[in-house]
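See below for the structure under consideration.
The values are calculated or read from the model by the stated rules, or taken from the named source; none is laboratory data. Values in this document were obtained by computation on a predicted structure and should not be read as measured data. Here the Cβ positions follow ideal geometry from the backbone for every residue, glycine too, while neighbour counts run over all protein chains shown. Keep in mind that these areas ignore ligands, DNA and RNA; they rest on the heavy atoms of the full protein, side chains included. Shrake-Rupley method; radii C 1.70, N 1.55, O 1.52, S 1.80 Å.
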Amino acid sequence: MNTTGISPSVSLVKASGQVRGACPHDCPDTCALITTVENGVATRVQGNPDHPQTGGVLCTKVSRYTERSYHPERILQPLKRSGPKGSGRFETVSWDSALDDIAARLGAIADRNPEAIVPYSYAGTMGLVQAEGMAARFFNKLGASLLDRTICSAAGGEALVQTLGGKAGMKVEFFAESQLILIWGSNSIASNLHFWRRVQEAKRGGARVVCIDPRKTETAEKCHEHIALRPGTDAALALALMHELIVHDWLDHDYIARHTLGWAALRERALLWPPERAAQVCGVPVAQITRLARDYGTTQAAAIRLNYGMQRVRGGGNASRAIACLPALTGAWRQRAGGLLLSSSGMFPVNKAALQRPDLLAGRRPRTLNMITIGDDLQRDSSPAFGPKIEALIVYNSNPVAVAPESGKVVQGFEREDLFTVVLEHFQTDTADYADFILPATTQLEHWDIHAAYGHTDVLLNRPAIEPLGQARPNSAIFRALAARLGFTEPCFSEDDETLCRAAFSHPDGDRVDFNELLDKGFATLAIPDAPFADGRFLTPSGKCEFFSARLAAQGLDGLPDHLPNHEAAGSSAEFPLAMISPPARNFLNSSFVNVKSLRDIEGEPLLEIHADDAAARGIADGAIVRVFNQRGTYRCKAEVSARARPGVVNGLGVWWRKLGLDGTNFNQLTSQKLTDLGRGPVFYDCLVEVQLAARPAL
């Protein structure tokens, strides 16, 4: 049995030359890479100029990927804890010693109850193999608890499923032909660079571009107009746009009649939202709403680029549903340059069953834990409602101590001496500090993987450009080796990574993607209509755009989209009068790249952006150290008095590692573990705080 898990093809890594690959990070662009190798060393990572979506261009972060792979603090051998949890003290051990100890601990727990073992992972890599390929097989065979992986996009994704039938929409390249583009909840310049290039093309062709975002982002500055609404009020704005479309008859009645479901009920609800009402809720001028409605209703080829920031509030699912209804009202879907794009991931025919092998559960139905509530769940005792107390946590492709909400509770859970924690990592992150074992994982330059995308419709293959550094192993190899030690003998645990890549799009009736094309070019484009919903044919049970969702109604939920106020609505607390959002810092990607010095130098230090009026009312000057706090915790950082913040809203840029904060914390000390209306997602941007000048430290 091949327990190294490294495909024999890795031995064919070129000593010198160029190797095609794919960016692994959680970004809609999913760029095609070219890695230049000289004498076995990767010397440059650049965009593949032959890939139309990448066009030879990479973001600042990934263009410095060699700094990440060859980072002097890279973990390159297994480590075992030698000090108290959180101390960050470890000693080196051999792979055999580490794997033997881990397998023995997991085996003993599984003998009692395998659901006491919990995997914790997300999008540290988006690759289908190194994310949930062999790992899912391992945990399915073990019978471990399942993880509800909802920490980013669940509310918006569920909204698309309930409205359009799946995560589908416009092809990103046709935004270049649009005449009106609404960038809704996205800082595209920072987080969707290649889409922004399409916007620039459209602007040169005369398109008007409007940014809808509480923060005056770099993107908002480059748009013709910025609508700075309050966090969590997007549904109110969308309903007011519908109101104006109805009142002025800017509707495509034929498209509505043929291709939608529930129009009469939606019309009735929308008429309850005149612009004046929405303006009060959103905190924007009435004139901005009426002008936006007129532009949207009277412009051919109107396109919406929706992104996930706006759905990280209580009503994020309803807001996403409301916005997703708009193109069907005007018939924008008829044209390839009209419609909406939030995610294209549902258009990829991935064979998840072949990759993840849910049949290995053999009829068992383990409990499912939501990754957002890990802070509470780690502190729960066994009970009939919860199930067994969590005894072991296996963390890969994630840094929950930094990124999970209400991180004070997360830390308390990870500090448990009776919790056995294994972390697969490149670096000693905040989470790795609490591990019993840290296992060195390969980076994207060192392993096979295959990628779908959520911002375009190309499949990408990642081939290893260099041999694994030090003793690093792919995630797949680590889980394969653990499977062998636990006596898992199914043939699927012997499949190498190239075989898994081939299985990803393979189906019993034939392959959906030509793997030889991937080997030859590095990418393959899905055969999808240019205007997927021009003639209806939505992916819903009715085949129509479902304004009214009978599936939601059957769950006891409102079948129509509506505005749901935030859990912590602006103006609802005298004690905590400021709303806080925590968008990503431009040069980080969630908590990745924070330790790349050249990128951290650009960002400087953790900041809180605050509007001049809010700062003056609190005696806060630019550059002052402030205390940001609420009922969940306190965080200290530097304040930046900035026009990027709207009155009543502060912006905490993240996700900085906690250990780099002034007090060893970050903004997630303040966020809550409450969930969204749909999809069981997080509410990072549904958070009230107060800000004060921090007390001077004692001399």
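Overall, the accessible surface of region 17-144 at a probe of 1.4 angstrom is composed of carbon and sulfur to the extent of 45 percent. Averaged over its residues, region 486-558 has an accessible area of 50 Å² per residue, based on protein heavy atoms and a 1.4 Å probe. Averaging the sequence gap over all C-alpha pairs within less than 8 Å and six or more residues apart, then dividing by the number of residues, gives region 483-575 a relative contact order of 9 percent.
In order along region 557-564, the phi-based Karplus estimate (6.51 cos²θ - 1.76 cosθ + 1.60, θ = phi - 60°) of 3J(HN,Hα) comes to 9, 5, x, 10, x, 8, 7, 10 Hz; Gly and Pro are listed as x. When region 606-699 is described by a simple charge dipole with +1 on each Lys and Arg Cβ and -1 on each Asp and Glu Cβ, the residue from Q669, A621, L653 located farthest towards its positive end is Q669.
Computed 3J(HN,Hα) for region 660-674, one whole-Hz value per residue from the Karplus formula 6.51 cos²θ - 1.76 cosθ + 1.60 where θ = phi - 60°, is 8, x, 4, 10, x, 9, 9, 5, 6, 4, 9, 6, 10, 8, 5, glycine and proline marked x. Taking 7 Å steps out from each Cα toward its Cβ at E201 and E218 produces label points 2.1 nm apart. When the C-alpha to C-alpha distance is required to be over 32 Å, the pairs from K85/K216; K171/K409; K85/K141; K61/K167 that qualify are K85/K216; K171/K409. Between the amide H of W184 and those of I212, R305, L306, N307, distances stay under 5 Å, these residues lying 5 or more places away or on another chain, with hydrogens modeled in the peptide plane. Relative to one another, the C-alpha centroids of region 595-665 and region 536-557 are positioned 42 Å apart. Look at the alpha carbon pairs under 8 Å that are at least 6 residues apart: their mean separation over the length of region 551-699 gives a relative contact order of 31 percent. Hydrodynamic estimate: the Kirkwood radius of region 198-338 over Cα pairs, inserted into Stokes-Einstein at 20 °C and 1.002 mPa s, corresponds to D of 139 µm²/s. 3J(HN,Hα) along region 110-118: 4, 4, 7, 6, x, 6, 6, 9, 10 Hz, from the Karplus curve 6.51 cos²θ - 1.76 cosθ + 1.60 with θ = phi - 60°, whole Hz, x for Gly and Pro.
Surface composition of region 333-383: carbon plus sulfur atoms contribute 46% of the solvent-accessible area (1.4 Å probe, protein chains only, all chains present).
How big is D, in µm² s⁻¹, for region 45-147 by Stokes-Einstein at 10 °C and 1.306 mPa s if Rh is the Kirkwood radius over C-alpha pairs? After rounding, the answer is 91 µm²/s. Roughly speaking, what % of Cα-Cα pairs in region 400-502 are separated by over 25 Å, rounded to a whole number? Value for region 400-502 (Cα pairs over 25 Å): 39 percent. Rounded to the nearest 5, the antiparallel percentage of DSSP beta bridges internal to the chain is 50%.
Net charge in the neighbourhood of E467 (other residues with Cβ under 13 Å of its Cβ; Lys, Arg +1, Asp, Glu -1) is +2. If you take the square roots of the eigenvalues of the alpha-carbon gyration tensor of region 546-603 and sort them as a ≥ b ≥ c, do you get rounded (a/c under 1.5), prolate (a/b over b/c) or oblate? Cα axes put region 546-603 in the oblate bin. Principal-axis analysis of the Cα atoms of the chain puts helix 193-204 at an angle of about 30° to the longest axis.
Please give the per residue accessible area of region 312-401, computed with a probe of 1.4 Å over protein heavy atoms only, in Å².
Value returned for region 312-401: 32 Å² of accessible area per residue.
The residues of region 130-278 expose, per residue, 30 Å² of accessible area to a 1.4 Å probe. Applying the criteria of a DSSP loop state and at most 13 other Cβ atoms within 10 Å to the trypsin sites (Lys or Arg not before Pro) of region 316-416 yields R364, R367.
Measuring nothing but how far apart in sequence close Cα pairs (under 8 Å, 6+ apart) lie, relative to its length, the chain scores a relative contact order of 21 percent.
Taking each residue as 0.36 nm, the span from L557 to R365 lengthens on full extension beyond its C-alpha to C-alpha distance by 66.6 nm.
Computed across region 63-109, the Kirkwood radius stands at 12.8 Å (inverse of mean 1/r, all Cα pairs). Rounded, prolate or oblate, given the Cα gyration tensor of region 275-359, with a/c below 1.5 counting as rounded? In terms of gyration-tensor shape, oblate. The lysines within cross-link reach of K80, meaning a Cα-to-Cα straight distance under 22 Å and a gap of 8 or more places when in the same chain, are K659. For the pair region 161-205 and region 211-255, the centres of their Cα atoms are 15 angstrom apart. Protein heavy-atom surface of region 217-263, 1.4 angstrom probe: 47% of the accessible area is carbon and sulfur, with nucleic acids and ligands not counted. Among the GluC sites (Glu not before Pro) in region 70-127, those placed in a DSSP loop whose Cβ has at most 11 other Cβ atoms within 10 Å are E73. Compared with the dominant Cα axis of the chain, that is its longest principal axis, helix 316-330 is turned about 50°.
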